[in-house]
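In what follows, a structure is listed as structure tokens, so that the remarks can point back to it.
The values are calculated or read from the model by the stated rules, or taken from the named source; none is laboratory data. All values reported here derive from a predicted model rather than from experimental measurement. FYI the Cβ positions are ideal-geometry reconstructions off the backbone, even for glycines, and counts take in every protein chain you see. Note: accessible area is taken over every heavy atom of the protein model, side chains too, but ligands, DNA and RNA are not part of it. Shrake-Rupley method; radii C 1.70, N 1.55, O 1.52, S 1.80 Å.
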4 protein chains.
Amino acid sequence: MGMVGGGHGAFIGGIHRIAAAIDGEVELVCGAFSSDPAKSKAFGATLYLPENRVYDSFEEMIMKEKQLPEGERMDFVSIVTPNHVHFPPAKMALENGFPVLCDKPLAKTGLLFGLTHNYTGYPMVKEAREIVRSGQLGKIRKVMVEYPQGWLTTKLEGTGSKQADWRTDPKRSGAAGCMGDIGTHAENLAEYITGLQITELCADLTAFVEGRLLDDDGNLLLHFDNGAKGVLSASQICVGDENNLNIRVYGEIGGIEWRQEEPNTLIRKYLGRPKEILRPGVGNLSELAKAHIKVAPPGHPEGFLEAFSNIYRNFARTLRSTLKGETPNPLYADFPTVEDGVRGMAFIETVVEANQSPQKWYKFKT
Amino acid sequence: MGMVGGGHGAFIGGIHRIAAAIDGEVELVCGAFSSDPAKSKAFGATLYLPENRVYDSFEEMIMKEKQLPEGERMDFVSIVTPNHVHFPPAKMALENGFPVLCDKPLAKTGLLFGLTHNYTGYPMVKEAREIVRSGQLGKIRKVMVEYPQGWLTTKLEGTGSKQADWRTDPKRSGAAGCMGDIGTHAENLAEYITGLQITELCADLTAFVEGRLLDDDGNLLLHFDNGAKGVLSASQICVGDENNLNIRVYGEIGGIEWRQEEPNTLIRKYLGRPKEILRPGVGNLSELAKAHIKVAPPGHPEGFLEAFSNIYRNFARTLRSTLKGETPNPLYADFPTVEDGVRGMAFIETVVEANQSPQKWYKFKT
Amino acid sequence: MGMVGGGHGAFIGGIHRIAAAIDGEVELVCGAFSSDPAKSKAFGATLYLPENRVYDSFEEMIMKEKQLPEGERMDFVSIVTPNHVHFPPAKMALENGFPVLCDKPLAKTGLLFGLTHNYTGYPMVKEAREIVRSGQLGKIRKVMVEYPQGWLTTKLEGTGSKQADWRTDPKRSGAAGCMGDIGTHAENLAEYITGLQITELCADLTAFVEGRLLDDDGNLLLHFDNGAKGVLSASQICVGDENNLNIRVYGEIGGIEWRQEEPNTLIRKYLGRPKEILRPGVGNLSELAKAHIKVAPPGHPEGFLEAFSNIYRNFARTLRSTLKGETPNPLYADFPTVEDGVRGMAFIETVVEANQSPQKWYKFKT
Amino acid sequence: MGMVGGGHGAFIGGIHRIAAAIDGEVELVCGAFSSDPAKSKAFGATLYLPENRVYDSFEEMIMKEKQLPEGERMDFVSIVTPNHVHFPPAKMALENGFPVLCDKPLAKTGLLFGLTHNYTGYPMVKEAREIVRSGQLGKIRKVMVEYPQGWLTTKLEGTGSKQADWRTDPKRSGAAGCMGDIGTHAENLAEYITGLQITELCADLTAFVEGRLLDDDGNLLLHFDNGAKGVLSASQICVGDENNLNIRVYGEIGGIEWRQEEPNTLIRKYLGRPKEILRPGVGNLSELAKAHIKVAPPGHPEGFLEAFSNIYRNFARTLRSTLKGETPNPLYADFPTVEDGVRGMAFIETVVEANQSPQKWYKFKT
């Protein structure tokens, strides 16, 4: 793997590197870690990379790696830059034959494209999806999904926080702030677990912090394609909340609930019966969930990095199968792809327009 | 106190009697417990009431009690009938000089009128209100209030459940089902704690169960009079949920969260600080909260009946002060009144109309 | 009911009065609330008792009530005085034909004697007992029971706290402090739920606070009569803990856990299966549990007072049956009696002696 | 790093490899993965290791690696074999100049020896230690530490479970079963957090499962060197429990509690104040805790692998400093060493003998 971005001070780059390393199936072999060549070099050295594989720019990386023999050159590119500089390296990598793993989607090519919507990598999210898919809840009626954070409660942008700066800057983040940054994860989680698609929605976005240019809070009413209803609320001004992505799904006969901050617990409930606490390694979980558990004896908690590493591992295994001309194992072919990404972009666009509309319901753009 | 309704099989009547008894300040002295005189008599006997104080009808009760000497006759009437038969006894009682405690509001008279919106009787709800009122959270920005229940997940009406029958019958419940039955409690709780008023809302109501005549689920977007935004979701088809009324309030500097099913815990949170677990009897609670704690050593849980009894006690103390011509103590004058009830009725009407409107926002009717 | 003790400032008296009132089956008709006649009179007035039923002393109360006609005189005596003054009124009441409800036991007479070890009044404790009794856990192997409190972390005695004063005074509390005050409740709960008896134990008691005359902390190893092992830990210096009585029971095939501070939840667990969350009103609970639930729709929390009132109600119903010459209903005859109390006294004596013994195991005294 | 053991079916080997990989500071370069040379070769291939670095035996590995040039040869050996085959490879590695990371201790040499008592690698355990060390709790009075598991509830040994087989076999596990396997972790955690040492203890060990040769359950009373008292309970027959290692520490002014299954939460409590919920990334944590947090934005849960990787990372950093002749950074020099291991062995020996003693207290062997 080669990496674009993720140099000094960019926490997400470190997360990606750990996630890639965990399963021992992906090795970081080169990178262009900063738009400043000197910084890129210096940072690459801290990763113990050979000097000649730390590049001044992503263009140089793609061009030079392309000329290396197979087996030695990087097999794919991981792009971990801020939103506004995702597109050029992703496009160039794909055009030069390198599969891409990236936070944000592109138009399709024939190559493998993976999207690091990593909250779907948790074993108990996989289990939730299988519980719905296998009909254990009956027809889905109601979906409550939330993503409250509190870190933008005050005007952090302009105070030296790179994270806050680009996320609240329309030029770099696009038309939505909070909804683009985390609302998309909530949307993706809801559709992933239920297998349903949002068909129309009603939006109420707000920028609560004075002087903020993009929404830092939003509440949505949702209609799904099977008639289910829902609420999606995402916020970065929920003071005191950390990263409390959570979802509840109710069907005609049963329901489930899951919270990202305690990801190893999935509650399943039925009418007139005690709630059940599902946990990795306990009882009869689905094959899909079991294929994403890393730590064998139950009660050894897995966290965000393990979930994230599942994306990398699944991408790598599927890539390896594809390169060998084999059919990828469906248990591992389960990672977010360009379709999820395209849907995420459409979601952002829909929400921003719906927010401006005086009409209650606004069709999901496709 | 005299009681109208609440005979055999009407669980809410028993709840009221316990709540009234807990503080030893209210005594049940008479009642008309059923529209069937024989049933009323039989039921009154099980309560050890003297035969001549168990009446055949509320009309008889009001007329006969009125003729008894003060001190002996009932001091007020508690009405615990289903929604559609609230009005006549309440009106007649007030017209004949008896203060009324009731689940649903009436137009005003000069007499004391209490509303048993009992979830506001919990000590930690009182504390939440005082935390907001004293400015500990700063200006309120966001309110998330939910009331999910699961008991109407299937078509219970028509199967012998009196509770389900009247709640899903437009003739007896009015224009709203779930929103009228429990949505109003969520609305009341949100306005009580924040001291804010909803000014406009957007509604999406659904009757999920086939053949059901009234909504069993609803999601609302809310705008408050200070610019705060919110979501209110109430449902009776949230399979597996019991009575999970809960609220989160976020201000510019702090937030709180509370759940009715664990009512003795109130979480308070600030940016960049550990969350705090507030509990009755621990630390510096407000005078208002302390005046509503019944069990002295911390860690002895209080429940719904204690919260409910606070409504009765406060009503009784305020009534007693009023009868003596004294100014009621504001710590005890804190119970839901006709204004809350009128607002609850307006809420139901607003929600039902907003649901039918194609426009996103609908003004709160007043 | 007549009450001895429980006057101004004695919180436990108020708790008893509420608990007695909740079910509407017990009425407080007279009392001797203080050893100071004037204080007793004054306090009785605040309870709206007629002046001639508020007595100067328990002796006067017992003698005068005895002369009243049946139906008018008190039916039983509730004794809520500190430990060292339990004996004389209890003895005199029993000798004069009045059944007694009391915190501490007496030698037997033919009359009904109830012990307010109230933590066994919770519905989910009843359920736990039935789960064990019905064999759902298999043979019991291990019992972990704890009662940590923190209120005596500092030297509260001598600073004006009556509660702390008598509890830490050997003359008034007896040979044990913490173990007598709360350890006995833990012992009673463990034996009640499991149906087992402790046969020998190993004790390590400590008075951590300088100058304290009685133990404020103790840890015990337990052996039960079926071969089960256990640990009992009780403490009043567990700083920050409120009243965290809790128990876990493990059998050959299943286990349960319960915490007094969240009394409406009982966890049941089996090997290789998801844990279950048992709650009042949900699923198939035992008849015994159901007979002790007061609030009908699930999710309306019940608390300490409701549990306590179950003791009063059961005592009253059993007394009424007994007076009528009927066989008491076993569902209601389930309240702590003189046997539990005698066992509690033996427990205290055993623990104190075992603590002084250099031998590991000390036989439970009987 | 070279690895001894950890081949096919040995889950702990995989855990070690992930833990080593997470921080990108340790690379697996060779191994002897099985006592069966063919199995070792086959397994090494699945890890993408070059064939000539997968050895037939640990002897071969140590001898051949020793002859490789520095920089190319392994820098240290990680030993992940079952207990009874720890000693020979560890001894031989140390004698040949290779530092060792291992589950169980050895007699000292001049070389670095790390012990993978990995539960002390969690950030919030580090925070707990610093809270105690900095005096925030005052003098420690009471320590409650538990390690309940349920996986040996039935007779798993002899049914094909390698894990169960060696753990219940005195020849391979030593004189203690449960107490050796997990009791030592509880002991280590208690001493690590409090900085205290157990001076004497009282033990009650049991083999509950018929035919089991070693204890599967044990309860201990503890005395610490500052006068603190405690309880340690470890069990593998706590049916339904997963890996519920947990600890509570109470001092003269404050207390803390932590549970391994929700490792990102640390509760801190003081007399008469709300409990606080400490979390990674929130508020003012100690430098030590912050140096062990891997995922930057709060609310992204870290798990067991991250804690484990902290041991590897700290070992690697300290080794690197040592090799360079620099003073290791104390923030990273914080990992379990031979002293902890020696203490663990003494603990096992003490517990086994104490269990057989009729005397209550038994001195901790040193």
Cβ-Cβ FRET estimate between C:Ala333 and B:Asp165, R0 fixed at 30 Å, reported to 0.05: 0.25
Residue-normalised 222 nm signal for chain D, counting each DSSP H run of n ≥ 4 as -39,500 (n - 2.57), nearest 500 deg cm²/dmol, is -9500 deg cm²/dmol
What Kirkwood radius, in Å to one decimal, follows from the Cα pairs of region D:59-150? 16.1 Å
Express in whole angstrom the spacing between the alpha-carbon centres of region D:199-237 and region B:275-290. 39 Å
Applying a 10 Å radius around every beta-carbon, put A:143-155, C:48-60, B:288-300 in order of their mean neighbour count, most first. A:143-155, B:288-300, C:48-60
Looking at the P(r) of the protein assembly as shown, how many percent of alpha-carbon pairs lie beyond 67 Å? 12 percent
Place a label point 7 angstrom from the Cα of D:Gln67 along the Cα-to-Cβ direction, then list the residues of region D:4-44 whose backbone nitrogen is under 18 Å away. D:30-32
Computing the accessible area with a 1.4 Å probe over protein heavy atoms, can you report the carbon and sulfur percentage for the protein assembly as shown? 53 percent
Compute the accessible area per residue over chain C, keeping the other protein chains in place, probe 1.4 Å, unit Å². 35 Å²
Roughly how many Å is it from the Cα centre of region A:1-36 to that of region A:67-120, as a whole number? 13 Å
What net charge is computed for the residues neighbouring A:Asn246, neighbours being all others with C-beta under 11 Å from the C-beta of A:Asn246, Lys and Arg scored +1, Asp and Glu -1? -3
Need one value for A:17-25: mean number of C-beta atoms belonging to other chains within 10 Å of its residues' C-beta atoms. 5
Given axes a ≥ b ≥ c from the Cα gyration tensor, I'd like to know whether chain A is rounded (a/c under 1.5), prolate (a/b larger than b/c) or oblate. oblate
From other protein chains only, count the Cβ atoms within 10 Å of every residue's Cβ in B:140-153, then give the mean. 5
At a probe size of 1.4 Å, how large is the accessible area of D:Met92, to the nearest 10 Å²? 40 Å²
Within region B:305-347, name every residue whose backbone N is under 18 Å away from a label modeled 7 Å from Cα of B:Asn83 along the Cβ vector. B:340-347
Along the positive direction of the dipole of chain C (beta-carbon charges: Lys, Arg +1; Asp, Glu -1; about the Cα centre), which of C:Asn118, C:Ala20, C:Leu266 reaches farthest? C:Leu266
When chain B is treated as a Gaussian network with springs between alpha carbons less than 10 Å apart, the largest mean-square fluctuation among B:Thr184, B:Thr116, B:Thr46 is found at B:Thr46
Of C:Gly180, C:Gly325, C:Gly281, the one that fluctuates the most in a GNM where chain C has Cα springs shorter than 10 Å: C:Gly325
Output the relative contact order of region A:247-366, whole-number percent, from Cα pairs under 8 angstrom with separation of 6+ residues. 12 percent
Note down the nm distance, to one decimal, between modelled labels 7 Å out along Cα→Cβ at B:Glu130 and at B:Glu210. 5.3 nm
Averaged across A:3-12, how many Cβ atoms of other chains sit within 10 Å of each residue's Cβ atom? 1
Gaussian network model of chain B, Cα springs within a sub-10 Å range: biggest mean-square fluctuation belongs to which of B:Gly114, B:Gly71, B:Gly14? B:Gly71
Amide H of C:Ser78: which non-local residues (sequence gap of 5 or more, or other chain) have their own amide H closer than 5 Å, using H built in the peptide plane? C:Gly2, C:Met3, C:Val4, C:Leu101
Under 8 Å for C-alpha pairs, at least 6 residues apart: give me the relative contact order for chain B, rounded to a whole percent. 19 percent
Relative contact order for region C:133-263, counting Cα pairs under 8 Å that sit 6 or more residues apart, in percent: 40 percent
Report the local net charge at A:Arg167: Lys and Arg +1, Asp and Glu -1, summed over other residues whose C-beta lies under 15 Å from its C-beta. -2
Buried accessible surface, D vs B, both sides, probe 1.4 Å, in Å² to 100, equals 800 Å²
For the full complex of protein chains and a 1.4 angstrom probe, list D:Arg73, A:Arg343 by accessible area with the highest value first. D:Arg73, A:Arg343
Net +/- balance of residues flanking D:Asn355 in space, Cβ distance below 9 Å, scoring K and R +1, D and E -1: -3
Given that compact globular proteins tend to follow 2.2 N^0.38 Å, what is the ratio of the alpha-carbon Rg of region C:136-195 to that value? 1.48
